[in-house]
Every structure is written in structure tokens, then in C-alpha cells.
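Trainee: Right, I'll just put the structure down here and ask away after.
The values are calculated or read from the model by the stated rules, or taken from the named source; none is laboratory data. Because the structure is a prediction, the values reported are computed rather than measured. Every residue, glycine among them, receives a Cβ derived from its backbone with ideal geometry; neighbour counts consider all protein chains shown. Surface areas here come from the heavy atoms of the whole protein model, side chains and all, with no ligands, DNA or RNA. Shrake-Rupley method; radii C 1.70, N 1.55, O 1.52, S 1.80 Å.
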Amino acid sequence: MLIHPWDRGADQEWRTWLAARDFGLLAANGPDGAAPVLVPTQFVYQGGEEVLLHLARPNPVWAAIEANPRLTLAVTDDYAFVPGPWRPPAGTPPEQGVPTTYYASVHLVGTATVVDDPELKAALMDRQLAHFQPDTPRTPIVPGQPPFGRMLSAIRGLRLQITEVRPKFKYDDKKDVELQTAVAERLAERGRPRDAGARAQLLRRRDARSGS
């Protein structure tokens, strides 16, 4: 992912953004030169330098992880297409504007540790359920015991120790604030499902630049 200096997310910026998200795309290098293995997955970001997740035991990604435990978890959101006429250079007609897409994307690069021990898998699952079902009564997961303990053999847990973060917030920060404001107004008018999220990021980045 290309990250220009004006697109790079600050440390606290990407951490705050990521803390509100829990679905991404896990990427592993394909074994023996095969194409990369990509897995859409829920995850729990621990807030520090670790991500927790689990996958079905038959998932083909495990072979790739065993061959190379270096993985990337990509999380992308708040995206919207911006038509060219919305962003023409100053002094030029709208039809000469170049279209683009706004988006936020954080790539977490790290080393995976596979969790197969039943007790550790149960603890990992309890942590995930506490995140995804905080207001729902839960039966403790006890290895070998019903109703869930016997299901642990069907999954494998994964801890991703983060060693590098690549954060990008692409919202025309190289353009002037007047253009960002105008695009924000257009996004509000258009009102497509993801326009509000993109607009919120655009205005937040604009205000941070201008000191508002």
C-alpha cells in the first residue's frame, strides 16, 4: 500500500480508529510460491501490540502460516468514491477534475503464534466472546465439557504479535481545506451508505490540519 507523507496516520489516530473495528482481511504468503492466502475474519485488537482471532481447523491458511508465520491483517473502512467534477484544480472547469477514492486502511504486520492447547483456546474464545457479546449471558468454555468444550478441537486460535503498522488515511490532505470542505458538502448531499463515514474522516483530518 502506497502511503504518502500527507496520508500517513499518526500513532494515536490509527489506534483510536482501529479500536472501533473488528473485521479485516488476514493475508499469508502462499506456500511454495503459490498465490497469497486471504481470509476475511473477525478479530480482537488488544489495544497494545497483539491481535487475537480463531479460524476453522480445515482453513487452508494454516499451511501457509506454518510455512511462513509472518502475516498482514488489513482493516479498511470509511471509503467513498469521489467524482472528478467535485475536485477540479483551482481555476479549471469541473469536467477537468480527477476522480479518486477516499479510504482509511491500517495494515498490521506481525508474527503469528498458533494456539492449539485446549485451555489456551478456551481463554482466547472467552476473550473474543467478551468483546463481541458483552451484554449477552455466556456459558464458560471448559475443554471437554458441554456445551462448547468439545467444539474446541474444530478450531485453532491465533495470536498476531504486531511488529509493524502501516496506517493510511486518504482524504485529500494535500489539497486546500476549501476543496475538502466542498467535497464534504457533496458527500452529505449524496448520502450513500458509506459517505457519512468518509465525510467524518475527511472533516476530522481537515480540522486537524487547520487547527480548528
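Trainee: Which Rg and Dmax, in Å, describe the Cα atoms of the stretch 108-206?
Mentor: Rg then Dmax for the stretch 108-206, in Å: 21.8, 62.
Trainee: If you don't mind, there's one more thing I want to ask. Answer with a single label: of [x] 10.0; [y] 14.1; [z] 14.8, which was calculated as mean projected area of the Cα convex hull in nm² from the structure in view?
Mentor: Recomputing mean projected area of the Cα convex hull in nm² here gives the entry labelled [z].
Trainee: Can you give the Rg/Rh ratio of the stretch 1-58, where Rg is from the C-alpha atoms and Rh is the Kirkwood radius?
Mentor: Ratio value, two decimals: 1.05.
Trainee: Based on the Cβ-Cβ distance from Arg192 to Ala34, what FRET efficiency comes out when R0 is 35 Å, to the nearest 0.05?
Mentor: Here the calculated transfer efficiency is 0.40.
Trainee: Only loop residues by DSSP count here, and only those with at most 15 other Cβ atoms within 10 Å; note down the trypsin sites (Lys or Arg not before Pro) in the stretch 104-212 that meet that.
Mentor: Listed in order of number, the matching sites are Arg138, Lys174, Arg194.
Trainee: Turning to a different aspect of this structure: In terms of Cα to Cα distance under 20 Å, which aspartates and glutamates are near enough to Lys168, apart from those fewer than 8 places away along the same chain?
Mentor: Answer for Lys168, where 20 Å is the Cα cut-off: Asp7, Asp11, Glu13, Asp22, Glu49, Glu50, Asp77, Asp78, Asp176, Asp195, Asp207, listed by chain and number.
Trainee: Under the rule of -39500 (n - 2.57) per DSSP H run of 4 or more residues, summed and divided by the residues of the chain, what mean residue ellipticity at 222 nm is obtained, to the nearest 500 deg cm²/dmol?
Mentor: Per the formula, -9000 deg cm²/dmol.
Trainee: Rounded to the nearest 0.05, what FRET efficiency is calculated for Glu119 and Gln46 with R0 set to 22 Å and r the Cβ-Cβ distance?
Mentor: E(calc), rounded to 0.05, equals 0.70.
Trainee: In Å², what does the accessible area per residue of the chain work out to with a 1.4 Å probe?
Mentor: That works out to 53 Å² per residue.
Trainee: For the chain, which whole percent of the accessible surface, found with a 1.4 angstrom probe, sits on carbon and sulfur atoms?
Mentor: The C+S portion of the solvent-accessible surface of the chain is 55 percent.
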